[in-house]
Amino acid sequence: MRPLPSRSWLNASSFLRTDVVVIGIVLIGLIAWVFDPGMRALERWLVPWKGRA
């Protein structure tokens, strides 16, 4: 069984592997960047009455 990426990032921070930690931070940011518009689109589809008075 392969270790989870988050476990690798935690181990990297313990051993001062800054390159791995920075890549992990960037990857988390990219995932959030893709996830946010997807969730907004899903919200518009599931809750069409939101924002209407």
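The values are calculated or read from the model by the stated rules, or taken from the named source; none is laboratory data. Owing to the predicted nature of the structure, the values given are computational and were not obtained by experimental measurement. Methodologically, a virtual Cβ is constructed for each residue, glycine included, from the backbone with ideal geometry; neighbour enumeration extends over all protein chains shown.
Descriptive notes on the structure:
Listed here are the residues, each with its yes/no results for (1) exposed (fewer than 12 other Cβ atoms within 10 Å of the Cβ); (2) at pLDDT below 90; (3) hydroxyl-bearing (Ser, Thr, Tyr).
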{"residue": "LEU4", "(1), (2), (3)": "yes, yes, no"}
{"residue": "ASN11", "(1), (2), (3)": "no, yes, no"}
{"residue": "ILE25", "(1), (2), (3)": "yes, yes, no"}
{"residue": "TRP33", "(1), (2), (3)": "yes, no, no"}
{"residue": "TRP45", "(1), (2), (3)": "yes, no, no"}
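- Hits in region 21-53 - residues which are outside any loop (DSSP other than H, G, I, E, B) and of a type in the set (Lys, Arg): ARG40, ARG44
- VAL21 vs. criteria β-branched (Val, Ile, Thr) and modelled with pLDDT of 90 or more: no
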